[in-house]
Amino acid sequence: MTCLHPSCRSGLGKLVAAGVFIALWAINAAAQNSYSGNEIKPIDRILAIVNEDVITQQEINELLQNTIQQLQKQDTQLPRMDVLEKQLLEHQIIKRIQLQRAKEIGLTVSDNDLEQTLRRIAQDNHLTMDEFRQVLLQEGTNVNAFREEIRDEILMTRLKEQAISERVNVTESEIDNFLEDQANSPSANEEYRIAHILVHTSEQMDEAQVEERHKRAEMAYDALRQGASFAQVSAEYSDAADAMQGGELGWRPLGQIGSPFAELLLKMQPGEITPVVRSPIGFHIIRLLERRKLEKSATIIEQTHAQHILIKVSEIISEEDAHQLINQIMERIHNGADFMEMAKAYSEDASASAGGDLGWVSPGDTVPEFEQAMNALLPGQISQPVRTSFGWHLIKVIERRSQDISEQKQREAARKTIHARKADAVTQEWLQQLRDQAYVEYKIDNN
């Protein structure tokens, strides 16, 4: 079955959050006003060669300018400019390597997928698309540059998801063991909001290099002990992708954090930090921001038993042809053709062999456009053609029911927790592998 869940499209939960939205468009916010038309422009220079691509001083200057603005808005004391510039260069190198890898394996983001993501960002910020564009323009953001930035973010998210899916597996026995441990744990119903600093290490490093990284982590810890803000130290020392956002990881159950850190967090009060802790991917410092209790309750949801027919838009079938075909199928069904037989004959979804039967669908299982159209139908009704990022659909609702999914939800939450814990480590290892395999030449000393 084609995955219709929003996370299957590109895993953009974090991308559409308001805070990340602000950070993303701010990256380009002042780039258009850096130099006036009559001003003498400084000669640009290459800072690094990344495979067959280059990163220039102007590119880093623009990132630096806007990162400084963001840190100031957060009331974060600025690191030394040379340190901040070096951090931004390293982050840009990692980004460039990921985009190159995505291109190598043929990953793309269609204009339709991009438009749907932009609409979700606007909706999450309570804006219409016109209002959204006006906000960007008022802030001095180049709208086309912003669109391409979002396209890059989607590509990198899909690339990471692909890498993680190949390396991370969660078994039913792991879920059973996790739930058993949770049942016996006094902190089973607690969540922790944390921030982190990561000084990365890799298997390719020798003992001397690992020790250098350890010293760097201890320097970060000393800076925190001497009163520096966590956000400032994160920006200056952390190798994590969220270093410029204060290293904040949001709310996480204890089981997702990992045993070495979990044992420390159990004894900590909000505001406290851990000492430097070693893990297979590097040296960490964790700050506990908040903790909260979760209340257990029955979870009753309305599920829909549905069928659908999918006609995909592709290089072979144009948008117009796909739309015309789905309309022809709808007309045949209205004239007496059986929905199930039409699905078997025409649907391009994996559910076609089952007559388009999706089984019982829960809220959030499908993309918003599909769910909205499905929810508007009564049992027995068939929708008008519905466009999603997958193509054109016809949807038929068979029946609905109220279902207690407390146990199912508990197991799914456990699966996600275990998966996220494994994925954190795998992502860092995978990024380091990409970095090690890439040709990177620094040109700073040669210019």
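Go through 133-144, 303-314 and give me the packing order, highest mean Cβ count within 10 Å leading.
Working: 133-144: 14.2, 303-314: 21.7.
With the highest mean Cβ count within 10 Å placed first, the list reads 303-314, 133-144.
Across segment 212-220, computed HN-Hα scalar couplings (Karplus, 6.51 cos²θ - 1.76 cosθ + 1.60, θ = phi - 60°) run 4, 5, 4, 4, 5, 5, 5, 5, 5 Hz from first to last residue, x flagging Gly and Pro. In the chain, the DSSP-assigned H stretches of four residues or longer account for a calculated mean residue ellipticity at 222 nm of -15500 deg cm²/dmol, using -39500 (n - 2.57) per stretch and the full residue count as denominator. The alpha-carbon atoms of segment 188-296 define a convex hull whose volume equals 97 cubic angstrom per residue. Checking the Cα-Cα distances for LYS103/LYS422; LYS73/LYS160; LYS160/LYS344; LYS95/LYS267; LYS86/LYS422; LYS86/LYS416 against a 32 Å cut-off, the pairs over it are LYS160/LYS344; LYS95/LYS267; LYS86/LYS416. Can you tell me the orientation of helix 319-334 relative to the chain, as the angle in degrees between its alpha-carbon axis and the longest Cα principal axis, to the nearest 10? The angle comes out at about 30 degrees.
The relative contact order of segment 300-404 comes to 44 percent, based on Cα pairs under 8 Å that sit 6 or more residues apart.
Net length available on complete extension from ARG411 to ASP206 is 69.7 nm, with 0.36 nm assigned per residue and the Cα-Cα distance removed.
Which angle from 0 to 90°, rounded to the nearest 10, does the C-alpha axis of helix 143-167 make with the longest principal axis of the chain? Rounded to the nearest ten degrees, it is 80. Measure nothing but the geometry: give the 0 to 90° angle between the long axis through the Cα atoms of 57-73 and the longest principal axis through the Cα atoms of the chain, rounded to 10°. Compared with the principal axis, the helix lies near 90 degrees.
Among TYR442, TYR237, TYR346, a tally of other beta-carbon atoms within 10 Å of each Cβ gives an order, fewest to most, of TYR442, TYR346, TYR237. Each peptide in 197-207, 265-275 receives the mean, over its residues, of other Cβ atoms within 10 Å, and ordering these scores from highest gives 197-207, 265-275. Per-residue Cβ neighbour counts within 10 Å put ARG120, ARG292 in the sequence ARG292, ARG120, beginning with the fewest.
Summarising the amide proton neighbourhood of ARG291: residues at separation of 5 or more, or on other chains, whose placed amide H is nearer than 5 Å comprise ARG193. Across segment 188-296, C-alpha contacts under 8 Å between residues 6 or more apart give a mean separation that, scaled by the residue count, equals a relative contact order of 45 percent. The charge dipole of segment 300-404, taken about its Cα centre with unit charges on the Cβ atoms of Lys, Arg (+1), Asp and Glu (-1) only, comes to about 220 debye. Arranged from fewest to most other beta-carbon atoms within 10 Å of their beta carbon, GLU407, GLU236, GLU319, GLU161 become GLU407, GLU319, GLU161, GLU236.
No lab work stands behind these numbers, since they all come straight from the coordinates. These numbers come from a predicted model, not from an experiment. Counting neighbours? That spans all protein chains shown, and the Cβs are built from the backbone with ideal geometry, glycine included.
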